[in-house]
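The values are calculated or read from the model by the stated rules, or taken from the named source; none is laboratory data. Given the structure is predicted, the values throughout are model-derived calculations rather than measurements. Here the Cβ positions follow ideal geometry from the backbone for every residue, glycine too, while neighbour counts run over all protein chains shown. Calculation scope for accessible area: heavy atoms of the full protein, side chains included, ligands and nucleic acids excluded. Shrake-Rupley method; radii C 1.70, N 1.55, O 1.52, S 1.80 Å.
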Amino acid sequence: GIGETITCPWAEFPDYLTKATTKNALTFGINKYEPSDPYEVTTKAKENKIDGAYARIKDNFTYPQLVDDIHPPHGILMLDHDPDGVGKSFASPAEFIEHLTRVFPDIARTAYIARGSVSAGVHIEGEQPKPSAGFHVYLPVNTASDIPRFGKVFFKRMILGGFGYIVLAKNGRMDIRSAFDSCVFSPERLDFVAPPLLIGAGLAYTPPEITSQKGDFLYTNGLQELTADERKEYSSIVAELR
């Protein structure tokens, strides 16, 4: 693939969701080697940084790093809610956000842009898309470099708040889950925002609705690390759930 680093005002971000083609996807981290755009994205086996070919792996990507406290690098935090039939589902992004404020109230004051999952827009030709509780919520973050830490701590505090549960993987592994996916905060992860490529007859695609809320940046440093006692409590809760 081809990589490109983009900077835009928050108000223009929905354009990248609505205008994406079937060959577009987003990451919210950037190539830490800061190559000239565009640059080649390849596999680990074919990587050659001298020739400008980079693997999409965690070693090559990062969030914009903090240089000073006066001008922290902004970024986008994506929260992925994908109902699994076990945990709580939500009728709207607003209801999802209200749920999260029980653990971190600052989110209530934060701006967000939300859109239903791309897969939710696929439906039988001639019919309307079925309502889906799955969606992505995007929040503007004041200090992008804190996103990985924030994501890990927020997930653990959701479990501490009583909002954790177990989902059995196909191999029988007991996975700890909450209202949002804990794996999306790594800077190299892809967000598939483009329309799906429909192969065969009988299927249609209706773009999911985009909703938004005005507000402030999310100041992630307001979410504190777990104390020693809280870490013990977290381990105890996880053991009990399992």
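What number goes with the only condition from (1) closer than 22 Å to residue 220 by Cα; (2) not in a strand (DSSP E or B) that residue 15 does not pass?
With (1) closer than 22 Å to residue 220 by Cα; (2) not in a strand (DSSP E or B) applied to residue 15, the lone miss is (1).
Can you tell me how many residues in the range 52-109 are within 17 Å of the chain's Cα centre (by Cα), open to solvent by 50 Å² or more (accessible area, probe 1.4 Å) and closer than 21 Å to residue 220 by Cα?
2
Could you tell me whether the range 148-159 includes any residue that is of a type in the set (D, E, K, R), open to solvent by 20 Å² or more (accessible area, probe 1.4 Å), over 16 Å from the mean Cα position of the chain (by Cα) and at pLDDT below 90?
no
For the range 24-41, enumerate the residues that are open to solvent by 80 Å² or more (accessible area, probe 1.4 Å), under 22 Å from residue 185 (Cα atoms) and either of a type outside the set (D, E, K, R) or touching a residue at least 40 places away in the same chain (Cβ under 8 Å) (or both). I'd like the intermediate steps shown before the answer.
Taking the range 24-41 first, the residues open to solvent by 80 Å² or more (accessible area, probe 1.4 Å) are 32-34, 36, 38, 40.
Subsequent filtering for residues that are under 22 Å from residue 185 (Cα atoms) retains 32-34.
Passing the criteria: only 33.
Of everything in the range 190-201, what is surrounded by 10 or more Cβ atoms within 10 Å (Cβ to Cβ) and either touching a Ser or Thr at 6+ places or on another chain (Cβ under 8 Å) or within 30 Å of residue 30 (Cβ to Cβ) (or both)? Give them in sequence order. Full working, then the answer.
Filtering the range 190-201 for residues surrounded by 10 or more Cβ atoms within 10 Å (Cβ to Cβ) gives 190-196, 198.
Selection gives 190, 191, 192, 193, 194, 195, 196.
In this structure, does residue 89 turn out to be in contact (Cβ under 8 Å) with a residue 40 or more places away in the chain, among the polar types (S, T, N, Q) and outside any strand (DSSP E or B)? Spell out how you get there, then give the answer.
Numbers: in contact (Cβ under 8 Å) with a residue 40 or more places away in the chain: yes; among the polar types (S, T, N, Q): yes; outside any strand (DSSP E or B): yes.
So residue 89 fits the description; yes.
Tell me, yes or no, whether the range 202-219 has at least one residue that is more than 23 Å from the chain's Cα centre (by Cα), open to solvent by 60 Å² or more (accessible area, probe 1.4 Å) and without any contact (Cβ under 8 Å) to a residue 60 or more places away in the chain. It would help to see each step written out before you state the result.
Residues of the range 202-219 more than 23 Å from the chain's Cα centre (by Cα): 202-204.
Of the ones still in play, those that are also open to solvent by 60 Å² or more (accessible area, probe 1.4 Å) are 203.
Among the residues that remain, those that are also without any contact (Cβ under 8 Å) to a residue 60 or more places away in the chain are: none.
For the range 202-219, residues more than 23 Å from the chain's Cα centre (by Cα), open to solvent by 60 Å² or more (accessible area, probe 1.4 Å) and without any contact (Cβ under 8 Å) to a residue 60 or more places away in the chain: absent.
Could you please find all residues in the range 110-126 being open to solvent by 60 Å² or more (accessible area, probe 1.4 Å) and among the hydroxyl-bearing types (Ser, Thr, Tyr)? Spell out the reasoning first.
Just the residues of the range 110-126 that are open to solvent by 60 Å² or more (accessible area, probe 1.4 Å), to begin with: 119, 124-126.
Correct list: 119 only.
Which of the following residues is of a type in the set (Gly, Ala, Ser), in a helix (DSSP H, G or I) and at pLDDT 85 or above: 108, 120? It would help to see each step written out before you state the result.
Numbers: 120 fails: at pLDDT 85 or above.
Within the list 108, 120, the selection yields 108.
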